[in-house]
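**Student:** Below is the structure I would like to discuss, written out as structure tokens.
The values are calculated or read from the model by the stated rules, or taken from the named source; none is laboratory data. Owing to the predicted nature of the structure, the values given are computational and were not obtained by experimental measurement. Neighbour counts are summed over all protein chains in view; Cβ atoms, including those assigned to glycine, are modelled from backbone coordinates with ideal geometry.
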Amino acid sequence: MSDPSVKAVVVYAPGSVSNLGPGFDCLGVAFTGFLANAMVNFTWRSFTSDQISLSSATPLWIPQALVTFGICLLVLQFVARFFQALLGLPLEDLSMRAASVAE
């Protein structure tokens with residue numbers, strides 16, 4: 001049976017996973033920053049060397065520029081999230097969650 005003198009047990013975990021937020025965001029910024037830098041260089045080389053597609057004669061820098069733009073936006077998102085985590089701001093807006101089936 002249970003001991004009636006024990007009301008509740010409280011466990012504290014000071015080394016929680018939430019402390020790793022800025023660290024993981026810093027890794028994300030580093031990786032996507034490297035990827036964005038590589039794509040900018042790749043797109044620039046395609047532009048300066050006038051590379052074109054063999055099947056449609058489209059300059060290759062046009063689709064590459066769109067991908068590069070998307071990666072640069074991803075870098076900006078990671079930088080913003082890094083500063084949110086660093087400053088202790090909430091990382092997600094609870095009002096933007098998807099509704100459950102029961103709602």
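**Student:** From the residues in region 49-75 that are among the small types (Gly, Ala, Ser) and within 21 Å of Ala36 (Cβ to Cβ), which one is farthest from the chain's Cα centre (by Cα)?
**Tutor:** Within region 49-75, the subset among the small types (Gly, Ala, Ser) is 49, 53, 55-57, 65, 70.
So of that shortlist, the ones also within 21 Å of Ala36 (Cβ to Cβ) come out as 49, 65, 70.
Details: Ser49: 32, Ala65: 20, Gly70: 12 Å.
Among those that are among the small types (Gly, Ala, Ser) and within 21 Å of Ala36 (Cβ to Cβ), it is Ser49.
**Student:** Please determine whether any residue of region 42-50 is exposed (fewer than 11 other Cβ atoms within 10 Å of the Cβ), part of a loop (DSSP other than H, G, I, E, B), of a type outside the set (Gly, Ala, Ser) and modelled with pLDDT of 90 or more.
**Tutor:** Quick first cut of region 42-50, residues exposed (fewer than 11 other Cβ atoms within 10 Å of the Cβ) only: 48-50.
So of that shortlist, the ones also part of a loop (DSSP other than H, G, I, E, B) come out as 49-50.
Right, trim to of a type outside the set (Gly, Ala, Ser) and you get 50.
This time we only want the ones that are modelled with pLDDT of 90 or more, so: 50.
Looking for residues that are exposed (fewer than 11 other Cβ atoms within 10 Å of the Cβ), part of a loop (DSSP other than H, G, I, E, B), of a type outside the set (Gly, Ala, Ser) and modelled with pLDDT of 90 or more, one finds at least one in region 42-50, hence yes.
**Student:** Any idea which of Gly70, Gly33, Gly15, Gly28 is modelled with pLDDT under 90, surrounded by 10 or more Cβ atoms within 10 Å (Cβ to Cβ) and out of contact with any strand residue (DSSP E or B) (no Cβ under 9 Å at 6 or more places or on another chain)? Spell out the reasoning first.
**Tutor:** On the way: Gly70 fails: modelled with pLDDT under 90; Gly33 fails: modelled with pLDDT under 90; Gly15 fails: surrounded by 10 or more Cβ atoms within 10 Å (Cβ to Cβ).
Gly28 is the lone residue from the list that is modelled with pLDDT under 90, surrounded by 10 or more Cβ atoms within 10 Å (Cβ to Cβ) and out of contact with any strand residue (DSSP E or B) (no Cβ under 9 Å at 6 or more places or on another chain).
**Student:** Take Leu91 and tell me if it is assigned to a helix (DSSP H, G or I), under 16 Å from the mean Cα position of the chain (by Cα) and at pLDDT below 95.
**Tutor:** On the way: assigned to a helix (DSSP H, G or I): no; under 16 Å from the mean Cα position of the chain (by Cα): yes; at pLDDT below 95: yes.
Here the answer is no, as Leu91 does not meet what is asked.
**Student:** Starting from residues that are in contact (Cβ under 8 Å) with a residue 12 or more places away in the chain and part of a helix (DSSP H, G or I), keep the ones in region 51-67 and report whichever is farthest from Ala80 (Cα to Cα). I'd like the intermediate steps shown before the answer.
**Tutor:** Looking only at region 51-67, we keep the residues that are in contact (Cβ under 8 Å) with a residue 12 or more places away in the chain, and these are 59-61, 64-65, 67.
Still in the list and also part of a helix (DSSP H, G or I): 61, 64-65, 67.
Numbers: Trp61: 28, Gln64: 25, Ala65: 23, Val67: 20 Å.
For region 51-67, the residue satisfying everything is Trp61.
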